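Have a look at the structure below before the remarks.
Just so you know, all these numbers are worked out from the coordinates, no wet-lab data involved. Computed from a prediction, not measured in an experiment: that's the story for all the values here. Neighbour counts are summed over all protein chains in view; Cβ atoms, including those assigned to glycine, are modelled from backbone coordinates with ideal geometry.
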Amino acid sequence: MLAQDSDALLQRCASTELEALKLSRYPALQKLRNKSEEAIQNRIKVNKALRTSADEIVTIPVVVHVIHSEEGNPIGGQGNANISDDQIQSQIDVLNEDYSNTSGYKGFYTDSLGVDTGIRFKLVTVVRTFNEKTQFSPITDADELAAISPAWLTNRYLNIWVCRLSDRYLGTSQFPVVTEINELTTGLSNEAEKAVDALTDGVIIDFRYFGRNSPAITSAVYNLGRTTTHEVGHWLGLIHIWGDRNCGTDHCADTPTAFTKNETTDISCTPVFSDCRGVTTRNMIENYMDYSPDACMSVFTNDQKERMHAVLQLSPRRAKLVEYSKISGDNLLVELYPNPVSDQLTANIYTPNYQIFTVNVFDQRGHRIVSDAVNLNYLDVNKFPSGLYFYKVSSGGQTITKRFVVR
Ligand SMILES: [Zn+2]
């Protein structure tokens, strides 16, 4: 069964093109990618050796940026990039179903190889912004989208920009930066981190393929929200199952080698076979990291799960996100260090329900030195006269004030 011709012209994913552009701008990145792959493989081995019980569930807080050009800001309806809250929530539901292996579709591999990845998603907020530009390139406009609707801290949230994309692409994603374990402690400001702009870290999805069961979704092939499942897979370090070259590797042994992508409008999920190095195998067209129609996708494998968790541990921004996510509960927590301080004060702040926080700083006489700074984690106190100060944090209706001393 073939879907409409218009679906045949669509291009599932621009992440490979985005990565190629990055590599051409920052040739040094290739060496880092090779080192990253080694680090990931080593970490997977260590994790397998150490594991004694089931994985903890990791919850990823999500901020959705909706960028539209609808005068008067109407919400929802066909052709409107200013999509409804229902459509946005449906995408979060799809992510949770797909990453927990509770999708309704029973594919060829579902029983034996589909796993619960142990990764979940929680919608924190939707940021809606009007902009006159009607469409964006998934390859070259990430900076522009991030300028129109700035990312919430990319080491605390998964940022998803939803807009109308040009060139018939459905979506794209920025691959994570991964470092050696011993570099984690050096923080976020290494050269590679600078090269790969932290401000654009996230995924970009065309509004017509985001979520399910909405009048804005008109494709018969890409209609169940799997574009975002796929792009978030890249954001977590997964590679296309054909390895982006004929009979290439995705570094996951339990996804069979595939000659190329399954880019088709055949929504009956007809089996596809590959001949690679003299061996004939059935492609895992059910894998979320193939290009198959949404209805044919249902599988993340165990090796993909192991890879995503290794990346969550090794990528400095992802690791920080997980750390915050685990501690965030119902209560606001604030830690300041060092204290006394003479140079830079660091604030570890955990907020209720992953919300943003504001910071006000007062001196001993009650004069406000910093006003309503959002998500302020570092404070340069070099120019502060020595003495006692108050660091007041507010989030989700709660407030905590901590003292610190500048000497
Ligand atoms: Zn892709």
>> Bin width 10 Å, origin at 0, all Cα-Cα pairs of the chain: what percent of pairs per bin?
In response: 5, 21, 30, 25, 13, 5, 2, 0
>> I'd like to know how the stretch 223-293 sits against the 2.2 N^0.38 Å rule of thumb: what's its Cα Rg over that expected value?
In response: 1.06
>> Restricting things to Cα coordinates, could you compute the convex hull volume per residue of the stretch 287-400 in Å³?
In response: 156
> Hey, which aspartates and glutamates would be in cross-link range of Lys48, C-alpha to C-alpha under 17 Å, not counting anything within fewer than 8 residues on its own chain?
Replying inline: Glu37, Glu38, Glu56, Asp116, Asp254, Asp303, Glu306
> Ranking Thr125, Thr172 by Cβ neighbours within 10 Å, fewest first, what do you get?
Replying inline: Thr125, Thr172
> By a straight-distance test (C-alpha under 20 Å), which aspartates and glutamates pair with Lys133 as possible cross-link partners, with residues fewer than eight away in the same chain excluded?
Replying inline: Glu70, Glu71, Asp141, Asp143, Glu144, Asp167, Asp206
>> Could you list Val232, Val381, Val370 so that the one with the fewest beta carbons within 10 Å of its beta carbon is first and the one with the most is last?
In response: Val370, Val381, Val232
> So which cysteines of the chain have no other cysteine's Cβ under 4.7 Å from theirs?
Replying inline: Cys13, Cys163, Cys252
> Can you list the lysines whose alpha carbon sits under 16 Å from that of Lys326, skipping same-chain ones fewer than 8 residues off?
Replying inline: Lys122
